[in-house]
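The values are calculated or read from the model by the stated rules, or taken from the named source; none is laboratory data. Just so you know, these numbers come straight off a predicted model, no measurement behind them. As a convention, Cβ positions derive from the backbone with ideal geometry for all residues, glycine included, and neighbour counts pool all protein chains shown. Calculation scope for accessible area: heavy atoms of the full protein, side chains included, ligands and nucleic acids excluded. Shrake-Rupley method; radii C 1.70, N 1.55, O 1.52, S 1.80 Å.
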Amino acid sequence: MSKLIIIESPNKIKKLKAILGSDYVIAASFGHVRDLPEDDIGIAAPEFDLKYIISQGSKETVTKLKALAQQADEVFLATDPDREGESISWHLQECLKLKNPIRITFNEITDKAVKAAMRAPRRIDMQLVEAQEARRGLDRLTGYMVSPKLSQATGQKLSAGRVQSPAVRIVVERERQIAAFRQTLHYGVKLNFIGNKGNWFAQWLTKPDFTNDDAPYFMDKTIADAVCEVKTVTVNAYAETQAKRSPPAPFTTSTIQQAASVTLGYDPKVTMDLAQKLFAAGHISYHRTDNPNISSDAFPDICKVAADLNYEVVATPRTFPAPEGAQAGHPAICPTHWEVEGAGDNQNEIALYKLIRLRAIASQLNDAVYAVKTAVLTADIKINGKPLRFGAKGRTLINQGWLRLTAGDQTSEDEVTEADNPLPLLSEGTQLSVSSSELQNKKTQAPSRYTKASLVKKMESEGIGRPSTYASIIETIVDRRCYVALSGKYLLPTDIGNLLIDALVGHFKFVNLDFTNLLEKDLDLIATGKKTYKEVLSNTYSMLLRDIGNLNAAQSYEHHCPKCGAGLVRRKGKYGFFWSCTAYPGCEKIMIDKDGKPEEKPPAAEPSKHLCGRCKKPLIFRQGTSKAGKPYKLWGCSGYPKCDQSYSDDHGKPQFNQELLK
């Protein structure tokens, strides 16, 4: 009896053969074998069935897999353990005409996980398939229905994307917040003191006596200067406590992209490609997950590694809250062999593996512990009848805990660290002499531009797309559509990106961030059988039709088609601007652009009785203005472009002895 296992990546074959032995034939589909057509929407109301074709690059693979399947007694579909993997298995079943394929999944390519999967076979989960197919259908409906209307309305070729456009909106609106920002100058006061173990300081506490939530900034320099004159203060309160700092969670798909960007400088797409290779080679667990917790059987392995390294582990496994809407179907990204310190075929893979391993181990180590001292000091004077209070805080690390492994949360680009402030032992009621004081000139800061890492974090918080799609979303809006540009590490909207968002916002609901989030929840409901594929697509289709209708009704045009009366829009083509009818394809009227206004094309010149000296076809008289602004008159061959011969004009006749060489 022969058994065939079909996986996605050929990189997994060697590892799986070593685990399963010679009883199994293992072949790869190289990902998707079918796709929607490139030149057609591929979906139609009211059933919304998707029209798939075998991808051009997959035809040979499908032929090979068919032959192997016909020779096999059993066919196992072991595509990746997520919705997309489930969908790929279904496509394989359809293409290969498999009657009863066996579906197996494993979160890591280890002997234990793979053999456990073989003992737990199942059928393809069509609810998961429908959730993935609904995502494809929604993307097609949005792109194909909205993009032509945007192009008509703006005169520019624009492309709408169900998740890409909201991502562009985030970048556009942040840039507009920065442009609208007005800096506020405000003041603070810092008092310096001399201590036995080092100099320390206290900050003026303006709230609630001088500032409040409605007016949070103190802007009276005269009063701030007066506060700087304080020479003595009294200790009003003093406390010594301990503070704990827990480690961050092991990596999810979202946080690994953020951390690799911040710590290693990797582009999100590069990170996902490297993680795919580490997974295929059996070094890490499945890298597409939104679950921040380790698997139940990983804790003993962490304890053993920690003991060997002399690290202290928590008594019971530490768990972390998953983001809202997380599917949590697979454990967090972790090494498959915890004792292996380095894995990967190159330096980039090795660096990413190390980041993953240390983060996962650190998540189960003891908290870092700090000794914290706090004090509230009061001045012996009042200003405008209000007391002057100063706060001081200092902390000392007394137990490194998990910080022995990692310096902090590598996903944060602007992690705030407290200044070292060695407060001495103080007693309430004690008077202290101020060594010196500083007037602090402060300025409010504009919001920061997004980087790829912070945009990933924002998309996750807003529920835009799924973590596994963040890299492709960013690649699309930056590299393929050029709606967003990189300036150093920061993302800035381009002119065409601004135009896109102006054309969408207020007209199309799908670009609203809350709508995108709700639609993702609908996809989750399809996956659990609480909503149907057709229901979700039908509702979105109807919404898009309404939005398009409202846009058409609201759209006014300065110029109208002389043929049908519909609006004309100015477009930019390969050879410059022109005007076209918005009723296309029903009306194909085209007009030339003359100083920003539509104008009829001049009638085509009639062939003359004069013949071309090269090919003997009739010559045509042409006159106009060159791109340089110079008027011209010439006789050109009607056989152009095969014959590009032309002649100067001599009082209405071609001057055959003066050829204009091209």
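List of remarks:
- Within the stretch 31-62, considering residues that are among the polar types (S, T, N, Q) and surrounded by 12 or more Cβ atoms within 10 Å (Cβ to Cβ), the one nearest to Asn11 (Cα to Cα): Thr61
- Filtered by the rule that a residue be surrounded by fewer than 17 Cβ atoms within 10 Å (Cβ to Cβ) and part of a helix (DSSP H, G or I), the stretch 99-126 gives Asp111, Lys112, Lys115, Ala116, Met126.
- Looking only at residues in the stretch 63-82 that are acidic (Asp, Glu) and part of a loop (DSSP other than H, G, I, E, B), the one that is most open to solvent (accessible area, probe 1.4 Å) is Asp73.
- Subset of the stretch 1-29 [open to solvent by 30 Å² or more (accessible area, probe 1.4 Å), of a type in the set (Val, Ile, Thr) and without any contact (Cβ under 8 Å) to a residue 40 or more places away in the chain]: Ile13
- Residues satisfying the stated conditions in the stretch 197-224, i.e. in contact with a strand residue (DSSP E or B) (Cβ under 7 Å, 6 or more places away or on another chain) and farther than 21 Å from Val434 by Cβ: Tyr217, Met219
- Qualifying residue in the stretch 248-262 (condition: surrounded by fewer than 21 Cβ atoms within 10 Å (Cβ to Cβ) and either assigned to a helix (DSSP H, G or I) or on the phi > 0 side of the Ramachandran plot (or both)): no
- Count of the stretch 184-203 residues which are among the hydroxyl-bearing types (Ser, Thr, Tyr) and assigned to a loop (DSSP other than H, G, I, E, B): 1
- Unique residue being part of a helix (DSSP H, G or I), of a type in the set (A, V, I, L, M) and open to solvent by less than 50 Å² (accessible area, probe 1.4 Å) when the list is Leu492, Leu500: Leu500
- Among the residues here, Gly429 qualifies as at positive phi and either surrounded by fewer than 18 Cβ atoms within 10 Å (Cβ to Cβ) or more than 29 Å from the chain's Cα centre (by Cα) (or both).
- Scanning the stretch 227-245 for residues that are open to solvent by less than 40 Å² (accessible area, probe 1.4 Å) and outside any strand (DSSP E or B) gives Val227, Cys228, Val230.
- Total residues in the stretch 370-382 satisfying the condition of being buried (at least 17 other Cβ atoms within 10 Å of the Cβ) and in contact with a helix residue (DSSP H, G or I) (Cβ under 9 Å, 6 or more places away or on another chain): the figure is 1.
- Pair list, Cβ under 9 Å, 6 or more apart: the stretch 303-328 residue part of a helix (DSSP H, G or I), other residue modelled with pLDDT under 90: Leu309/Arg404; Leu309/Leu405
- Qualifying residue in the stretch 170-187 (condition: open to solvent by 30 Å² or more (accessible area, probe 1.4 Å), at pLDDT below 95 and more than 27 Å from Thr451 (Cβ to Cβ)): no
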